[in-house]
Ligand SMILES: [Zn+2]
């Protein structure tokens, strides 16, 4: 996961340009939900799909959670879901699928959901169908108490959510919480809430065990190691600009698994021996899987 920087003004302007009047309608709908104290809109009237392309573009056609690159608009729209970060309807309790044995609270289920956030633009992100349907579903694990009746993000922060919201600067930058050891995502912190946020984000989306993600990371590590070595070897001078472009591209936000690339390239520069081991592991992974 990475952060996609944008201000509220910039996001509102992009939405207004995409679909004039959408924001005003969203405001009206939210007022109605506030009066009804629930999200009661019929499926046929959902209108967040009208602004999905804004988020696809902002996220460079990538899934907010697994960082896979999908096809872009117009043909690739079907591959992206506009995900409600906090579920608009019922919230299901997530217990780690009874696999991880957490010794801390993960938040209760809630019948009503975050009804005031159904049309809040900072409750959206686009994700792949695997992340949205199979993993995220209606889960929203938190350490604190649910605040279902507010759309004030300062109050919502008090819920101490475990999942990390990647758009704008409302939340921690995901790269300050999750780093990589070769192809595997790991928490940057050893304990505390920041450790748990990383751990649960990795576990809930199974970011460390999904083979397609491991393969993408192995491919980029293999490529980055060769580019790094090319830059180091003086006799490869003619290839240096090419190697530099490979590194720049792998470490740019437009590229899949960029947080892994950045962590690995940092390691190349600071501890080349360990980086070489990870590159060999990545190579072995690709040759045996
Ligand atoms: Zn995904």
For this session: Would you mind checking the tilt of helix 192-204 against the longest principal axis of the Cα atoms of the chain, expressed as 0 to 90 degrees and rounded to 10?
Result: 90 degrees
Exercise. Between 232, 59, 257, which gets the highest mean-square fluctuation from a Gaussian network model of the chain, Cα cutoff 10 Å?
Worked result: 232
Seminar exercise, completed: residue 92 and residue 133 label points (each 7 Å along its Cα→Cβ direction) are spaced in nm at 1.4 nm
Exercise. Using 0.36 nm per residue, how much length does the chain from residue 272 to residue 206 gain when fully extended, once their Cα-Cα distance is taken away?
Worked result: 20.9 nm
Exercise. Expressed as an acute angle from 0 to 90° and rounded to the nearest 10, what is the orientation of the C-alpha long axis of helix 22-36 relative to the principal long axis of the chain?
Worked result: 50 degrees
Seminar exercise, completed: When the chain is treated as a Gaussian network with springs between alpha carbons less than 10 Å apart, the largest mean-square fluctuation among 98, 191, 138 is found at 98
Exercise. Which of 179, 154, 255 moves most in a GNM of the chain, Cα contacts under 10 Å?
Worked result: 154
Exercise. Once you sort the root eigenvalues of the Cα gyration tensor of segment 8-172 as a ≥ b ≥ c, which label holds: rounded (a/c under 1.5), prolate (a/b larger than b/c) or oblate (the other case)?
Worked result: oblate
Exercise. Label residue 108 and residue 245 with points 7 Å out from Cα along Cα→Cβ: what is the distance between them in nm?
Worked result: 5.9 nm
Problem set entry | Segment residue 34-residue 50, length gained on full extension (0.36 nm per residue, minus Cα span) | 3.5 nm
Problem set entry | Cα-projected label distance for residue 193 with residue 286, points at 7 Å along beta-carbon direction, nm | 4.1 nm
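Since every read-out is calculated from the coordinates, none of them should be taken as a lab result. Values in this document were obtained by computation on a predicted structure and should not be read as measured data. Neighbour counts are summed over all protein chains in view; Cβ atoms, including those assigned to glycine, are modelled from backbone coordinates with ideal geometry.
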